[in-house]
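Before I ask anything, here is the structure I am working with.
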Amino acid sequence: MTRKTVRIAMNGVTGRMGYRQHLVRSILAIREQGGLDLGDGTVLWPEPVLVGRREHVLKAMAEKHGIEHWSTDLDAVLADDTIDIYFDSQVTSAREDAIRKAIAAGKHIYTEKPTATGLDGALELARLAQAAGIKHGVVQDKLFLPGLLKLKRLIDGGFFGKILSIRGEFGYWVFEGDWQEAQRPSWNYRSQDGGGIVVDMFPHWEYVLHELFGRVTTVQALTATHIPERWDEQSKPYDATADDAAYGIFQLEGGAIAQINSSWTVRVNRDELVEFQVDGTEGSAVAGLRNCRVQHRSSTPKPVWNPDLAATHSFRDQWQEVPDNQADGFDNGFKVQWELFLRHVFLDEPYHWDLLAGARGVQLAELGLKSSAEGTRLDVPEISL
């Protein structure tokens, strides 16, 4: 076996998602398994170079995990010819400029979403990357969740017949920060800093719907800022200027209708933090992060509406669990997509979750906000380079 080192500039991994999912559970996990076997006698050995603004945090993180290189100078890192890939998990408002610099430096790009604060910027990044001839990918992690992988298995097997509708429920209660510490950073609730649940979650819903059920053709959304005042990391009150809940209806190519509620102001009364119910002519399914339950047409009970009598059975018990059917279980979804992107870069294997796919997510968020502001249903035009 030949070991090939791939150096990855990782910008923004001092944040919660960047640190836990991308650094620890993806890149460092690949190292712990001995690297990524490409199957041609080569093992890729990822070498992260941590990039950020807070020197003391970077230094402590590097020491904790035995990482040799870190820097607060992004320009210097991008000027280093030994850096192969630039990864970005910064706050959204800082992402576009950094990716633009990385493209100009000839680095392959892998990035969190949204890729930019607006559709024009997102499309420009995709065009620049294409013109530069580099490889580029966007994190679309929910496609690799065990629950959605099981759901895709059902779709591919024709379980549903004609799919009629998709109902999604996502969210949980994010504490305001006054009497209990908030679980999300304060910038998420300031529109001037790129915050808001629409720009955070609609890009996810775009690729989930697009990949599993069909392209989104129209969107109608209503947003709300249910909690107008929150407390930041220094326990100081601030005005929440971004939406903390969004209620969306999406028409899909092929005729199915999706309705997805997204909220940071909802208390959880479901099995998982996100669930999708899919109803079709032949059967239905409810998929979450890890589990998936089904009810086929042949075993569907015949409920009768009678509010005068108490229910004598549990509706949930009438559904059947979909088995894992994978001997080695499911790997971390972020890690799986990292491995696919690395194989794309070094083996040129197919990979379609690129910056254009990321731009579709930005487009849907932009149109969702516009729909709410105007009180209208809007078409979602196909975009291309």
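Are there any pairs with C-beta distances below 8 angstrom linking a residue in the stretch 189-209 that is within 20 Å of residue 229 (Cβ to Cβ) to a residue that is surrounded by fewer than 23 Cβ atoms within 10 Å (Cβ to Cβ) and aromatic (Phe, Trp, Tyr), with the two at least 6 apart or on different chains, and if so which?
Once the first residue is within 20 Å of residue 229 (Cβ to Cβ) and sits in the stretch 189-209, its partners that are surrounded by fewer than 23 Cβ atoms within 10 Å (Cβ to Cβ) and aromatic (Phe, Trp, Tyr) give 189/238; 190/238; 193/187; 194/187; 195/187.
Which condition number in (1) closer than 23 Å to residue 354 by Cα; (2) in contact with a Phe, Trp or Tyr (Cβ under 8 Å, 6 or more places away or on another chain) is the one that residue 62 fails?
Status for residue 62: all satisfied but (1).
Checking the structure you have, find out if any residue of the stretch 57-76 is assigned by TED's automatic domain parsing to the domain that holds residue 339, without any contact (Cβ under 8 Å) to a residue 24 or more places away in the chain, hydroxyl-bearing (Ser, Thr, Tyr) and out of contact with any strand residue (DSSP E or B) (no Cβ under 6 Å at 6 or more places or on another chain).
Yes.
Inspect all residues belonging to the stretch 224-241 and state whether any of them is touching a residue at least 60 places away in the same chain (Cβ under 8 Å), in contact with a Ser or Thr (Cβ under 6 Å, 6 or more places away or on another chain) and either under 30 Å from residue 180 (Cα atoms) or exposed (fewer than 15 other Cβ atoms within 10 Å of the Cβ) (or both).
The answer is no, given that none of the residues of the stretch 224-241 is touching a residue at least 60 places away in the same chain (Cβ under 8 Å), in contact with a Ser or Thr (Cβ under 6 Å, 6 or more places away or on another chain) and either under 30 Å from residue 180 (Cα atoms) or exposed (fewer than 15 other Cβ atoms within 10 Å of the Cβ) (or both).
If I filter the stretch 377-385 for residues that are at pLDDT below 95 and in contact with a Leu (Cβ under 9 Å, 6 or more places away or on another chain), do I get at least one hit? I'd like the intermediate steps shown before the answer.
Restricting attention to the stretch 377-385, the residues satisfying the condition of being at pLDDT below 95 are 384-385.
Subsequent filtering for residues that are in contact with a Leu (Cβ under 9 Å, 6 or more places away or on another chain) retains 384-385.
Within the stretch 377-385, one or more residues are at pLDDT below 95 and in contact with a Leu (Cβ under 9 Å, 6 or more places away or on another chain).
Continuing with the same structure: Please verify whether the stretch 336-344 includes one or more residues that are assigned to a loop (DSSP other than H, G, I, E, B) and either surrounded by fewer than 19 Cβ atoms within 10 Å (Cβ to Cβ) or touching a residue at least 12 places away in the same chain (Cβ under 8 Å) (or both).
Scanning the stretch 336-344, I find no residue that is assigned to a loop (DSSP other than H, G, I, E, B) and either surrounded by fewer than 19 Cβ atoms within 10 Å (Cβ to Cβ) or touching a residue at least 12 places away in the same chain (Cβ under 8 Å) (or both), so the answer is no.
Only residues that are outside any loop (DSSP other than H, G, I, E, B) and more than 17 Å from residue 131 (Cα to Cα): list them for the stretch 345-357, please.
Applying the first criterion (outside any loop (DSSP other than H, G, I, E, B)) to the stretch 345-357 yields 345-347, 355-357.
Correct list: 346, 347.
Further question: Sort through 177, 133 and tell me the only one that's without any contact (Cβ under 8 Å) to a residue 60 or more places away in the chain and either closer than 30 Å to residue 237 by Cβ or buried (at least 16 other Cβ atoms within 10 Å of the Cβ) (or both).
Exactly one of 177, 133 is without any contact (Cβ under 8 Å) to a residue 60 or more places away in the chain and either closer than 30 Å to residue 237 by Cβ or buried (at least 16 other Cβ atoms within 10 Å of the Cβ) (or both), namely 177.
Evaluate the following for residue 275: is it outside any loop (DSSP other than H, G, I, E, B), of a type in the set (Asp, Glu) and assigned by TED's automatic domain parsing to the domain that holds residue 203?
Considered against the rule, which asks whether it is outside any loop (DSSP other than H, G, I, E, B), of a type in the set (Asp, Glu) and assigned by TED's automatic domain parsing to the domain that holds residue 203, residue 275 comes out as yes.
Then there is this: List the strands (runs of 3 or more DSSP E) that sit entirely inside the stretch 153-243 and contain at least 2 residues that are among the β-branched types (Val, Ile, Thr) and touching a strand residue (DSSP E or B) at 6+ places or on another chain (Cβ under 7 Å).
Passing ranges, in order: 163-171, 216-224.
Still on this structure, I have one more. Would you confirm, using the coordinates I've provided, whether residue 94 is part of a helix (DSSP H, G or I), within 26 Å of the chain's Cα centre (by Cα), surrounded by 15 or more Cβ atoms within 10 Å (Cβ to Cβ) and at pLDDT 95 or above?
No, not satisfied.
Further question: Tell me, please, whether a residue that is of a type in the set (D, E, K, R), in contact (Cβ under 8 Å) with a residue 24 or more places away in the chain and either over 24 Å from residue 191 (Cα atoms) or surrounded by fewer than 16 Cβ atoms within 10 Å (Cβ to Cβ) (or both) can be found in the stretch 353-374.
Taking every residue of the stretch 353-374 in turn, at least one turns out to be of a type in the set (D, E, K, R), in contact (Cβ under 8 Å) with a residue 24 or more places away in the chain and either over 24 Å from residue 191 (Cα atoms) or surrounded by fewer than 16 Cβ atoms within 10 Å (Cβ to Cβ) (or both).
The values are calculated or read from the model by the stated rules, or taken from the named source; none is laboratory data. Not measured: the values here are computed from a predicted model. All Cβ positions, glycine included, derive from the backbone under ideal geometry; neighbour counts span all protein chains shown.
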